[in-house]
Amino acid sequence: MSNTPPYRIAIIGATVSGKSTLASNLAIALDITHVALDALFWGPNWTKVDPEVFLAETKAALQPDGWVVDGNYTAIREFVSGKADTLVWMNYPLWIVLKQLFARTIQRTVRKEVLWNGNVEDWQEHFLSK
């Protein structure tokens, strides 16, 4: 049994700002649950889950006493921030975010890295779509 208090940490910020990495590392260090909202939001073939399902799954994922959650989703922002006791905002300049986005997308594309629910990133979707 852990002697740590029941931390409830929400990490928000721009895409590729390091939210997931920080959340994962904190969850390991504090021995609490890591909740990646992207994994709850994205279904197979990059389909968005129904908003009610997303909220219900988020509520269920945040039931344990201690957790760290990462992600920015307006539909559940108030719920998550209302449950959190700590909020971390990853706020970097645009040039850093764009540099990291390019590097991460190329890396994931080349490695054909499988993300949530079997999804794989496509560099054309990131850089050549509307």
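Throughout, read-outs are computed from the coordinates displayed, never taken from laboratory work. Note that the structure is a prediction, hence the values are computed from the model and not measured. Every residue, glycine as well, gets a Cβ built from its backbone with ideal geometry; the counts of neighbours run over all protein chains shown.
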Q) Where does the chain land at 222 nm, in deg cm²/dmol rounded to the nearest 500, when only DSSP H runs of n ≥ 4 count, each adding -39500 (n - 2.57), divided by all residues? A) -14000 deg cm²/dmol
Q. Given a Förster distance of 22 angstrom, what is the FRET efficiency for T33 paired with R111, based on the Cβ-Cβ distance and rounded to 0.05?
A. 0.25
Q: Please give the direction-averaged projected area of the C-alpha convex hull for the range 24-87, in square nanometres with one decimal.
A: 4.5
(Q) How tilted is helix 51-61 with respect to the longest principal axis of the chain? Cα atoms for both, answer in degrees (0 to 90, nearest 10). (A) 50
Q) By how many degrees, 0 to 90 and rounded to 10, does the Cα axis of helix 19-30 deviate from the longest principal axis of the chain? A) 30
Q: Quick one: compute a quarter of the convex hull surface over the Cα atoms of the chain and quote it in nm².
A: 8.8
Q. Amide H of R8: which non-local residues (sequence gap of 5 or more, or other chain) have their own amide H closer than 5 Å, using H built in the peptide plane?
A. W67, D85, T86
Q | Average Cα contact separation per residue, the chain, under 8 Å, 6 or more apart, as relative contact order % | A | 37
Q) Can you give me the Cα centroid spacing of the range 76-93 and the range 14-66 in angstrom? A) 12
